[in-house]
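A short write-up of the structure that comes next.
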């Protein structure tokens, strides 16, 4: 099952690469806010039948306690905001440059996991964070 997870992760990376390149062209005619809205609307329509078919997951969400429900809503709102920000970056900087900045998100995943869940960090976290930002700097500065 773990191998399937790797396949999904690689497929996501390839898919996002194509999406960013396509979005650069789409954003010549649409605003980032409009594209964020239409993306959310189409995703909702496409996934609705699958969500409705997944009764166990739907029931679990509807029976969640208030804290879990608020966390879910907050996560969805942050997702919409993140989508708007990356689309705005793509429109203003182009997809290659915006993606270089956006690729720093693993650093922030670890940082927020530290803050929210009290995870422990090691030297590899700091080395990786330095390399992420150094790599982005080199690409932006010298390309």
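Among the residues of segment 18-32 satisfying the criterion of being assigned to a helix (DSSP H, G or I) and out of contact with any helix residue (DSSP H, G or I) (no Cβ under 8 Å at 6 or more places or on another chain), which is surrounded by the most Cβ atoms within 10 Å (Cβ to Cβ)? Looking at the filtered set, the residue picked out is 19. Taking segment 109-127 as the range and being within 23 Å of residue 99 (Cα to Cα), at pLDDT 85 or above and under 20 Å from the mean Cα position of the chain (by Cα) as the test, the residues that pass are 109, 111, 112, 113. For residue 93, the conditions (1) at pLDDT 95 or above; (2) under 19 Å from residue 29 (Cα atoms); (3) surrounded by 12 or more Cβ atoms within 10 Å (Cβ to Cβ) are fulfilled apart from (1).
Restricting attention to segment 33-64 and to residues that are farther than 19 Å from residue 77 by Cβ, surrounded by 10 or more Cβ atoms within 10 Å (Cβ to Cβ) and in contact with a helix residue (DSSP H, G or I) (Cβ under 8 Å, 6 or more places away or on another chain), the residue that is modelled with the highest pLDDT turns out to be 57.
The values are calculated or read from the model by the stated rules, or taken from the named source; none is laboratory data. None of the values given here were measured: they were computed from a predicted structure. Methodologically, a virtual Cβ is constructed for each residue, glycine included, from the backbone with ideal geometry; neighbour enumeration extends over all protein chains shown.
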